[in-house]
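Shown next, in structure tokens, is the structure this report addresses.
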Amino acid sequence: MTHTSPGTPPPTGQPATRSVGTRWAIRLALLVLAALVVIAAIRLVRNLDFATIGGALERLTWWQLLGLLGVLLIRQVLSATPLRVYIPDISLWRATVNDLSAMTAAAFAPAPSDIALRIAIFTSWGVPTPTAVAGSVLNALSLFIVRFAAPLGGFALIAIVGEKLGVRAIDLLSLAVSAALVTMVVLVARAESSAVRIGRWGGRVARRVRRGVDPESWGEAFAAFQRGIAGNLRRRLPRGLLGVAAMILADLTLLTLALRFVGVDPSEASLVTIAAAFFFAYPLTLFPVQGAGVVDVAILLALSAASGDGIVETATAGLLIWRAYTIAGSFLLGAIAVLVWRGGVRRRRQETPAEAAASSGRPQS
């Protein structure tokens, strides 16, 4: 039992006060960021020559469009490789179907709709629920770790060319977040007791933002997660992170090709310039719809600062093409993946016991 003095407010009131303050601080920070993005976007749009943008888009040929589609397909397969690593019982094809389906769900429904759909798809394929949960969570953590570590590539590139950090030094915070996530995963995997402590701590932090969070249930969930990943995490985690890094490089390739196809020459923006702008902006993909608008403005401002205002129109055209593939193209592939999965489920339901036994290779009982 907790004892309090007459003049001391009950402990239950303290988290509520902090939670309100924390929620408003987060909302204010997001509002300031959104305002800065809107201001930057307005300044860019007011000075854009849309005829030049249209002319740049007209440069695209059918074979270039097909080439970009090929890179997109490679990007999506690479995006699914961590799932294949963390849940080795599934094929790369099924991992890709799962990843595309969940990505589409995340775009149209609030979190954790994507995790719920991932688990539903895996369990429909016979993957045990604890394995499906652990693999899905590790996949999400891998994306967050590499997403926040992406500016490391930008720091390396500007160090090679000898540029000053300037405002980009703020991305050191992103690297700190990535390192903290890696530390958390390692500690959780080390022992169940550590997982419980970290889960309860995370629950208390989350309760400051959302009152309904129960730290004890978070501790139990982290313990279950630890039991699902403790086996081969030391070997699998680096492979999963490499898969996400390869996906990001494919995304960079898609952006670079889109810029080159619309007329951004290497003399105007070198690969180093494009890559540095991309890596520094990549943590902003944390925002909804892959950071649409926020990431694009950040990249455009970086390219303009490095190469001059003359690149803005053609770079805008390239970014439009890149987004058409990474957002609209990915959503279309995701919708197809959902249909493929649902069709497979319907076929399995319609199978007779003999057909099901034959398709699974097991004798009929």
- Return the FRET efficiency for the residue pair residue 187, residue 260: r is the Cβ-Cβ distance, R0 is 41 Å, and the value is rounded to the nearest 0.05. 0.40
- Label-point separation (nm) for residue 328 and residue 305, each offset 7 Å from Cα along Cα-to-Cβ? 3.0
- Would you calculate the separation in nanometres between label points at residue 286 and residue 123, each defined as 7 Å from the Cα along the Cα-to-beta-carbon direction? 3.0
- Message: So, R0 is 45 Å and r is the distance between the beta-carbons of residue 169 and residue 92; what FRET efficiency does that work out to, to 0.05?
- Response: 0.70
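Count charges around residue 68 for me, please; just the other residues with Cβ under 15 Å from its Cβ, Lys/Arg as +1, Asp/Glu as -1. Spell out each step's value before the answer.
Numbers: positive: 59, 75, 260, 323; negative: 251.
Its environment carries a net charge of +3.
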- With each label point set 7 Å from Cα along the Cα-Cβ vector, what nm distance links residue 61 and residue 176? 5.0
- Task: Could you tally the net charge around residue 139, taking each other residue with its Cβ under 9 Å from the Cβ of residue 139, Lys/Arg +1 and Asp/Glu -1?
- Result: 0
- Message: List residues of segment 56-82, by number, whose backbone nitrogen lies under 12 Å from a label position 7 Å along Cα→C-beta of residue 320.
- Response: 56-60
- Give the calculated FRET efficiency between residue 52 and residue 335 to the nearest 0.05, with a Förster radius of 30 Å applied to their Cβ-Cβ distance. 0.35
- Could you give the length gained on full extension between residue 227 and residue 267, defined as 0.36 nm per residue of separation minus the Cα-Cα distance, in nm? 9.1 nm
- Item | Distance from segment 150-167 to segment 294-314 (C-alpha centre basis), Å | 17
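Each reported figure results from applying straightforward, stated rules to the coordinates on display, with no laboratory input. In this text, all values refer to a predicted model and were calculated from it rather than measured experimentally. Heads up, the Cβs are rebuilt from the backbone with ideal geometry, glycines too, and the neighbour counts pull from every protein chain shown.
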